[in-house]
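> So that we are looking at the same thing, I have put the structure below in structure tokens.
The values are calculated or read from the model by the stated rules, or taken from the named source; none is laboratory data. Just so we're clear, the structure is a prediction, and the values are computed from it rather than from any experiment. Cβ sites come from the backbone with ideal geometry, for glycine too, and all protein chains shown count toward neighbours.
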Amino acid sequence: MFPWRNTSDPYSIWLSEVMLQQTRVSTVLPYYRRWISALPDIQSVSKTDIDNILKLWEGLGYYNRSRTFHKSCQIIFNKYGGEIPNNPSEFLKLPGVGPYICSAVMSIAFNFSMPAIDGNAVRVVSRLNAINTSYPLSNKRIQSYLSGLISPSCPGVFNQAIMDLGREICTPKNPSCDTCPVSIHCKAYVNNAVDKYPVSRKKIAIPHYHVVAGIIRKNNKIIICKRKSSGFLAGLWEFPASRLKPGENVQDCVVRGIRETLDVFVDPIAFIKQIKHAYSHFSITMDAYFCRIKGGHIKAVDCADYRWIYPYETNRFAFHRANHKLFDKIN
């Protein structure tokens, strides 16, 4: 049994649903337990700073989820006295709360008869009804179908059952149709066409970028930079880096990038390693170099802040995942 299934606490249920968006249960479990231990309620989240939020979320990805959750908890604490509003329209106004999160929390915690439509529900219903359009074009049909089935007395149990069916049995690949409790009602199964549903949207090729990072060393310390408070990976720490321009040499790139970020000139003195990493909307190849300062005075130009730290202190700061792949070479 998952820990968020053993509670009717709306905060715990909400947190689990935010973490589970586009993330596997097995990945979420340790993060959820660590978060609940550190921040057990709305008040504790609202009173902590964003750096602590990002550190607890470090590695889970889709960091905007943590920032909007933090903002919403602050609003709830200040406007609703720390109690999540048991009104769907009010809850839906909060940052990061969309139709799925709203329906899941309202049905499970407050017994509102609202179908929660996530990827699992889309897959289950698309196969049951052999829906020939892709999501979100199929949304109205799925919404109507589930609204006709959902239990008025136990809507949360119904929604969780659909989620479980999609996660455990009606999986994207190799579904366990032979053990599915609703297979006799499934048009896709009856027609031996389960692999055709749900209808997929045309995939868009994600771009790939070449990035060069510099690890500046001096007196056994290294420099780390904090990304600005808005935009991609906002507020996270990293080694100063820049995207390689067409025709640019990688060493020239790291010199330029550090100049633009910290207003100092550096010499790249040793290649460290090359890593590859994929984000949700693009992927990167990153070359990293040890560098030394040869001129200028450090200041935060294209970053929010910078710090000199000992390599073993990296675990005190929230870094995005690509930088973690360099830690073994600097510690």
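> Hey, can you tell me all the residues within region 3-30 that are within 24 Å of residue 234 (Cβ to Cβ) and of a type in the set (A, V, I, L, M)?
15, 18, 19, 20, 28
> Going through region 37-54 one residue at a time, which ones are surrounded by fewer than 20 Cβ atoms within 10 Å (Cβ to Cβ) and either within 13 Å of the chain's Cα centre (by Cα) or assigned to a helix (DSSP H, G or I) (or both)?
Those that are surrounded by fewer than 20 Cβ atoms within 10 Å (Cβ to Cβ) and either within 13 Å of the chain's Cα centre (by Cα) or assigned to a helix (DSSP H, G or I) (or both): 37, 38, 43, 44, 46, 47, 50, 51, 52.
> Do you know which residues across region 278-293 are at pLDDT 95 or above, farther than 10 Å from residue 214 by Cα and of a type outside the set (A, V, I, L, M)?
Across region 278-293, the qualifying residue is only 285.
> Right, here's the next one. Do we have residue 130 as under 30 Å from residue 191 (Cβ atoms), surrounded by 16 or more Cβ atoms within 10 Å (Cβ to Cβ) and in the same structural domain as residue 182 (by TED's automatic domain parsing) here?
yes
> Just checking, which of 66, 16, 72, 89 is farther than 30 Å from residue 277 by Cα and crowded, with 17+ Cβ neighbours inside 10 Å?
Testing whether each residue is farther than 30 Å from residue 277 by Cα and crowded, with 17+ Cβ neighbours inside 10 Å leaves just 72.
> State all residues of region 161-192 that are of a type in the set (Lys, Arg) and not in a helix (DSSP H, G or I); if no residue qualifies, say none.
If the condition is that a residue be of a type in the set (Lys, Arg) and not in a helix (DSSP H, G or I), then 173 is the only one that fits.
Conditions tested, residue by residue: (1) assigned to a helix (DSSP H, G or I); (2) in contact with a Ser or Thr (Cβ under 9 Å, 6 or more places away or on another chain).
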{"position": "18", "(1), (2)": "yes, yes"}
{"position": "22", "(1), (2)": "no, yes"}
{"position": "105", "(1), (2)": "yes, no"}
{"position": "109", "(1), (2)": "yes, yes"}
{"position": "113", "(1), (2)": "no, yes"}
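> Next question, about the same structure. Please specify each residue of region 1-13 satisfying the condition of being loosely packed, with under 15 Cβ neighbours inside 10 Å and assigned to a helix (DSSP H, G or I).
Listed by number, the residues that qualify are 3, 5.
> Would you be able to say whether some residue in region 193-214 is part of a strand (DSSP E or B), more than 30 Å from residue 310 (Cα to Cα), touching a Ser or Thr at 6+ places or on another chain (Cβ under 7 Å) and in contact (Cβ under 8 Å) with a residue 24 or more places away in the chain?
yes
> Could you name every one of the helices (runs of 4 or more DSSP H) located completely within region 228-331 that has at least 1 residues being surrounded by 13 or more Cβ atoms within 10 Å (Cβ to Cβ) and more than 28 Å from the chain's Cα centre (by Cα)?
Fully inside region 228-331 and qualifying: 250-262.
> Restricting to region 1-31, and then to whatever is out of contact with any Leu (no Cβ under 7 Å at 6 or more places or on another chain) and aromatic (Phe, Trp, Tyr), can you tell me which residue is farthest from residue 98 (Cα to Cα)?
In this case the residue turns out to be 2.
> Also: Could you please find all residues in region 31-55 being closer than 13 Å to residue 235 by Cα and hydrophobic (A, V, I, L, M, F, W, C)?
Filtering region 31-55 down to residues closer than 13 Å to residue 235 by Cα leaves 49-55.
Residues satisfying the conditions are 50, 53, 54.
> Could you tell me which of the residues 103, 107 is touching a residue at least 40 places away in the same chain (Cβ under 8 Å) and under 16 Å from residue 9 (Cβ atoms)?
107
> If residue 66 satisfies every condition in (1) more than 27 Å from residue 164 (Cα to Cα); (2) touching a Leu at 6+ places or on another chain (Cβ under 9 Å) but one, which is the exception?
(1)
> Taking residue 125, is it within 16 Å of residue 21 (Cβ to Cβ), of a type in the set (Val, Ile, Thr) and modelled with pLDDT of 95 or more? Step through it out loud before you land on a result.
Numbers: within 16 Å of residue 21 (Cβ to Cβ): no; of a type in the set (Val, Ile, Thr): yes; modelled with pLDDT of 95 or more: yes.
No.
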